[in-house]
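Novice: Input: one structure, supplied below.
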Amino acid sequence: MLEVDSMENPMDPGRSRAFAGRRVAITGASGSLGLALLRAFHGCGASLVALTTRVEPLELSTSDGTPIALEQVTWSCGHEADLRELFSHIDILVINHWVNVHGDRSATGLERHRVHWLSGDHEIGSIPGCWNHLVAVQDPAKAVGSTLLHWTLGGPWFREQRTMGEGLAAEWFAARDDAFRLWD
């Protein structure tokens, strides 16, 4: 059984449930970083999907030996279209598999680590406007209900950008302060 050492971070169990109810898929799940990511998302309440080229069952446990439930999906580069149905039920996809620790820089080695999610641009869909609002680019009135505020020129932490997007910087600071209170 693979064991991930305990690490001090804000995603440890009991400190945050930020991903409760979310289904998170992580590529490269059987590697060191993949295991750490699985454990961290588990600590935040996520349901885990381990994407790996490994065919042996991936068993993950906490530092005290408690098994961590996960769904393991075996896949290989070049066959991403086979994952389409799975991805329709994933909330967050962490692409971690391109870390090439073996240093294989040949054409074959690089191809193994390339992501082939789409067969062409025709497969790219549209993203609802409420998902990602571009501050100082799009109309601030359209930011209402946006899931993500995206400062293309930096962010409200830069003094000169604190007035961009009308009240959006104040909203960002309020959300930041609420997040910091999670650890009080």
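Bear in mind these aren't lab numbers, they're just calculated from the coordinates by the rules spelled out. This structure is a prediction, so every number in the text was calculated from the model and none was measured. Here the Cβ positions follow ideal geometry from the backbone for every residue, glycine too, while neighbour counts run over all protein chains shown.
Novice: Given axes a ≥ b ≥ c from the Cα gyration tensor, I'd like to know whether region 132-181 is rounded (a/c under 1.5), prolate (a/b larger than b/c) or oblate.
Specialist: It comes out oblate by the Cα gyration axes.
Novice: Return Arg84, Arg22, Arg159 ranked ascending by Cβ neighbour count within 10 Å, so the fewest neighbours appear first.
Specialist: By the 10 Å Cβ count, ascending: Arg159, Arg84, Arg22.
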